[in-house]
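Right, one structure below, let's go through it.
The values are calculated or read from the model by the stated rules, or taken from the named source; none is laboratory data. Small disclaimer: the values here were computed from a predicted structure and weren't measured. Here the Cβ is made from the backbone with ideal geometry for all residues, glycine too, and neighbour counts use every protein chain on show. Note: areas computed on protein heavy atoms with side chains; ligands, DNA, RNA excluded. Shrake-Rupley method; radii C 1.70, N 1.55, O 1.52, S 1.80 Å.
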Amino acid sequence: MILAAATVTELYHAGAIDIDDANLPHVVLPAYLLAAWRLGAYRLGALRSVSLSLRTALMSLAAAVGLALFAAFAFNVTASVWREDTLFFSALAAAGLVLLRWGVAAGMLRKDGKTKPRIVLLGDESVRLNRDRRVAADFNVRACNWQPVESDPNFLNELSEAVAGSDRIVLSFLDVEERRQWARLLIEIGFEIELLEPGLADLHPRSLRYLDSTPTLVVSAEPLTLRKRALKRAFDLMLVLVSAPVVLPLVGILAILIRLDSPGPVFFVQRRIGANNRYFDCIKFRTMRADLADAAGTRLTERDDPRITRLGHFLRHTSLDELPQLWNVVRDEMSLVGPRPHALGASAEGALYWEVVPAYWQRHSMKPGLTGLAQIRGYRGPTEKRSEIENRVAADLEYIRTWSLWLDVTIIFRTLRVLLHDNAF
């Protein structure tokens, strides 16, 4: 369709685009194929879905045309790329791709049974317990009078013909040793085999590893790889280092003002829950009277709370009371962006946070942060209702699932807009 669009453009514009030259279509075609492959445009699921197929194809075309135009400007060959011709060619190629992709998807949907993976279930009496599964065929080796032996070519032929054309062969046996024998036989004669393990369904296995020569099943993994953790740590340290000339004098000035405002220490240190549910000492500027401080965090802060000092109101309202936590970042106890650490006694409607939200502990799979996705969405301040902590935990888990360095940058910039907040008291 792309080559056809280039040819039609050449004929329609009488030589404005010469397909014998290294110009727009010649760059677009390979760039489109690469982008389409990277976006999964040729996967079976994409080809079967009209919307997904069209979306990936048009995104690939847009990326390819954009790359071609960028290359034209970079190499100063814009004379061979006319604006009208580019628009005409792009529109024609897009229309052709839409028609082609729609036709392919419609054709595959009409032959739905032939395009789905053919799964064969083979096993003992347990096969009857799995007949509600979506499989093309199932075989009970007892009913078929099959034995996992290699010495009978007639049996091997019968077995091979029974599972011929299958995309996946799944074994289901109650006896572990019998399952191993059947798996070994089918592996040796060249089939791809899977083992049905319904007892592991609630653990959601991720991959297979080995401890020496013994296989182990990975059921959980850290949300960030070592490379991503190193990248996030380097980003944190770089920003702390860059901001140090401004932050250090500001910390000194605020420390003096706190001592002048009320008697007591400059900093308030509170034990909080950090990464992997380990305790750490979170550092903040003291904003309450020293004799009324709540070390456990069991009492919610109220608007016009009498425990808060005059300067404390300002520090809380501007979020400057969190500034000393940059030292927690330096000590690798916190990150600039992450789920906010909570006090051990924090509660909502009289219940501790982990009693309100069962998935609460999952938010500690990453280091806590000075700011986070929940904060820029306005979920901050006291948690008087259960929904308030539920929204925060949901945002924290979303951040963990979708982390990227760009997301951290976005959250930091958006945090500047919510430093002053009605719930910051």
Within region 158-192, which GluC sites (Glu not before Pro) sit in a loop by DSSP and count at most 13 neighbouring Cβ atoms inside 10 Å? E192
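Once you list every other residue whose beta carbon is under 14 Å from the beta carbon of P205, what net charge do they have if Lys and Arg are +1 and Asp and Glu are -1?
Its environment carries a net charge of -1.
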Compute the acute angle (0 to 90°) between the alpha-carbon long axis of helix 386-401 and the principal axis of greatest extent of the alpha-carbon atoms of the chain; round to the nearest 10°. 50 degrees
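Provide the net charge surrounding Y353, with neighbours chosen by a C-beta distance below 14 Å and charges set as Lys +1, Arg +1, Asp -1, Glu -1.
Net charge around Y353: 0.
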Over the chain, what is the relative contact order in whole percent, taking alpha-carbon pairs under 8 Å and six or more residues apart? 10 percent
Note, A395: beta-carbon cut-off 12 Å, +1 each Lys/Arg, -1 each Asp/Glu, net +2
Run a plain Debye calculation on the chain (Cα atoms as equal point scatterers, no solvent) and give log10 I(q)/I(0) at q = 0.09, 0.10 Å⁻¹, rounded to two decimals, same order as the q list. -0.90, -0.97
Plugging the Cβ-Cβ distance of E349 and T225 into 1/(1 + (r/R0)^6) at R0 = 56 Å yields, to the nearest 0.05, a FRET efficiency of 0.90
May I ask you to order 53-62, 254-263 by the average number of other C-beta atoms within 10 Å around their residues, highest value first? 53-62, 254-263
From the phi of every residue in region 201-206, what ³J(HN,Hα) in whole Hz does the Karplus formula 6.51 cos²θ - 1.76 cosθ + 1.60 yield, where θ is phi - 60° and glycine or proline is x? 4, 6, 8, 6, x, 10
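May I ask you to list the GluC sites (Glu not before Pro) in region 333-380 that are in a DSSP loop and have at most 14 other Cβ atoms within 10 Å of their Cβ? Working shown, then result.
Values: sites: E333, E349, E355; in loops: E333, E349.
Those that pass, being in a loop and sparsely packed, are E349.
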Listed residues Y42, Y353, Y12 arranged by accessible area, highest first, probe 1.4 Å: Y12, Y42, Y353
So how many Lys-Lys pairs in the chain land under 26 Å Cα to Cα, not counting same-chain pairs under 8 apart? 6
What's the extension gain from R271 to H313 if we count 0.36 nm per residue and subtract their Cα-Cα distance? 12.9 nm
